[in-house]
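Scroll down for the structure; my scribbles are underneath it.
The values are calculated or read from the model by the stated rules, or taken from the named source; none is laboratory data. Computed from a predicted model, the values in this text were never measured in an experiment. Every residue, glycine among them, receives a Cβ derived from its backbone with ideal geometry; neighbour counts consider all protein chains shown. Calculation scope for accessible area: heavy atoms of the full protein, side chains included, ligands and nucleic acids excluded. Shrake-Rupley method; radii C 1.70, N 1.55, O 1.52, S 1.80 Å.
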Amino acid sequence: CLKSGLEETLSIWYPAAGRLSLNPSDGKLNLRCSNDGAVLVEAVTSAKIIELGDLSQYNEFFEHLAYKPDFHGNFSEMPLVVAQVTGFGCGGYSIGIGSSHSLFDGPATYDFLHAWASNSAILKQKRGTELYKPVHERGALLVENPGITKLPESGSSATRAVAIDHLYQLIKQAMSGQTCGPDTKFGSGKLPDVGNSNLVLKTFHLSGAMIESLKSKVFGERSGSFSCSSFELLAAHLWKARTKALGVMKGSMVCLQFAVDIRKKTVPPLPEGFSGNAYVLASAALTAEELEAGSHEDIVDKIKEAKRSISNDYVIAYNQALDGPQGTLLPLNELTLVSDWTRMPFHKIDFFHGEAAYVSPLLSPIPQVAYFMQNPIDSRGVDMRIGLLPQSLNAFSHYFLTNMQ
């Protein structure tokens with residue numbers, strides 16, 4: 001069922017059966033719709049799901065539940081979508097899925113998986129309505145698109161990609177050794193040695209009642225009148241708690257960055273069903289002292305301001321900035337990153353027998369990112385998974401859970 005459903009889905013979502021290649025003239029990635037296919041494998045284990053404990057907490061065993069093709073140095077041979085179905089000794093099963101972020105962003109991945117599940121032989125009888133067709137045309141976001149107006153390279157009136165500017169400032173700050181908390185080591189002209197390998201992945205369960213309690217304690221009697229989303233409130237609370245727990249020096253610049261869907265931000269808007277990458281990073285910056293002293297309301301206002309700054313001009317400036325040389329983003333204590341999955345309830349995708357018990361990201365290249373996910377039991381609740389340094393875990397838990405109880 002899954003195999004035939006995937007085959008049918010790939011006939012419509014055909015870029016997922018292609019491969020990436022490097023354009024020799026400009027060094028950019030090209031997406032070749034070569035029909036080389038996706039990879040679907042079957043696996044079995046004698047382990048029982050109950051033996052894995054709390055599924056919301058990261059377990060290294062999870063890494064064995066997703067197929068990871070061998071890389072032989074030529075990424076143009078690598079599949080863009082891989083999936084592994086694992087049967088457990090108790091009769092349960094898992095579906096581990098990987099896709100290239102150069103192919104899909106989060107919303108497009110959600111739509112692709114929903115289409116795959118709906119095309120399985122069992123669910124075809126249940127879905128009732130036909131799925132819309134995705135739009136694979138990527139040209140609207142290309143920098144060299146003649147329909148895009150080039151922004152001036154300099155000048156006070158030009159829209160800037162603030163997230164890129166802030167990132168460069170953070171890197172310069174780290175290189176100059178201007179920030180030094182207890183968990184950070186600096187050498188002359190070198191970035192901090194905080195590493196990814198020793199981060200602990202921890203999931204915090206925030207019920208709808210806990211979020212309302214935080215909102216009430218933060219805004220008091222005005223909690224009913226102050227317009228504030230759960231994302232804005234939790235992002236502000238997370239930013240304050242993480243920065244304090246990591247002991248960032250008060251005079252240091254600190255940033256909160258989060259993805260914003262630009263499908264309705266561009267002019268004209270991207271078509272319904274756009275299946276590529278359609279996001280930019282928004283960014284808010286303060287000094288650590290300002291962040292600690294600022295009220296949650298002040299920080300929420302900064303986040304709202306960062307959201308409002310995402311316009312068609314911002315998208316153009318952001319894409320132009322990414323058109324230049326890029327490198328690997330090293331972890332910085334001064335940078336708090338958030339990926340919001342709450343509007344992509346992957347656990348609700350019905351592959352066979354209803355909703356999944358739990359859905360969670362595996363170890364990512366940037367494990368310090370905080371993922372906000374919809375709780376499968378409490379629809380108003382949020383599960384937040386984040387990578388933390390072991391020595392800062394207790395401090396972060398204390399600061400983050402304060403006012404939540």
5 angstrom amide H check on Ser252, placed H, neighbours 5+ away: Ala288, Glu289
Local electrostatic count at Leu2 - Lys and Arg +1, Asp and Glu -1, tallied over other residues with Cβ under 12 Å: -2
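Accessible area per residue of the chain at 1.4 Å probe, in Å²? Let's see the in-between values first.
Numbers: 20410 Å² over 405 residues.
Each residue of the chain exposes 50 Å² on average to a 1.4 Å probe.
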Carbon plus sulfur fraction of accessible area for the chain, probe 1.4 Å, in percent: 53 percent
Using θ = phi - 60° and Karplus 6.51 cos²θ - 1.76 cosθ + 1.60, couplings along the range 230-246 (whole Hz; Gly, Pro as x): 4, 4, 4, 5, 5, 5, 4, 5, 4, 4, 5, 5, 5, 4, 5, 5, 7
Average silhouette area of the range 9-141, convex hull of alpha-carbon atoms, in square nanometres: 10.7 nm²
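Over the range 273-405, what is the mean sequence separation of C-alpha contacts under 8 Å (at least six apart), divided by residue count, expressed as relative contact order in percent? All intermediate terms of the calculation are to be shown ahead of the outcome.
On the way: 88 pairs, mean separation 21.2, N = 133.
Relative contact order, the range 273-405: 16 percent.
Trypsin sites (Lys or Arg not before Pro) within the range 252-298: which are DSSP loop residues with at most 15 other Cβ atoms inside 10 Å?
Values: sites: Arg263, Lys264, Lys265; in loops: Arg263, Lys264, Lys265.
Sparse-neighbourhood loop trypsin sites (Lys or Arg not before Pro): Lys264.
How much net charge surrounds Leu113 when only the other residues with a Cβ under 11 Å from the Cβ of Leu113 are counted, with Lys and Arg +1 and Asp and Glu -1? Intermediate results must be reported in sequence, preceding the final value.
On the way: positive: Lys348; negative: Asp111, Asp350.
Residues close to Leu113 contribute a combined charge of -1.
Add -39500 (n - 2.57) for each DSSP H run of 4 or more in the chain, then divide by its residues: what number comes out at 222 nm, to the nearest 500 deg cm²/dmol? Display every interim value, and only then the final one.
Values: 10 runs with 112 residues, N = 405.
Result for the chain: -8500 deg cm²/dmol, rounded to the nearest 500.
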Residues whose placed amide H lies under 5 Å from that of Tyr58, excluding near-sequence neighbours: Thr203
Too-long pairs where the Cα-Cα distance tops 25 Å, listed order kept, from Lys215/Lys265; Lys3/Lys264; Lys240/Lys307; Lys68/Lys240: Lys215/Lys265; Lys3/Lys264; Lys68/Lys240
Local electrostatic count, Ile262, Cβ distance below 15 Å [Lys/Arg +1, Asp/Glu -1]: +2
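Going through the range 267-322, which GluC sites (Glu not before Pro) have at most 15 other Cβ atoms within 10 Å and a DSSP loop state? List each step's numbers first, then the result.
On the way: sites: Glu272, Glu289, Glu290, Glu292, Glu297, Glu305; in loops: Glu272.
Listed in order of number, the matching sites are Glu272.
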At R0 = 56 Å, FRET efficiency that the Cβ-Cβ distance of Glu290 and Asn35 yields, to 0.05: 0.55
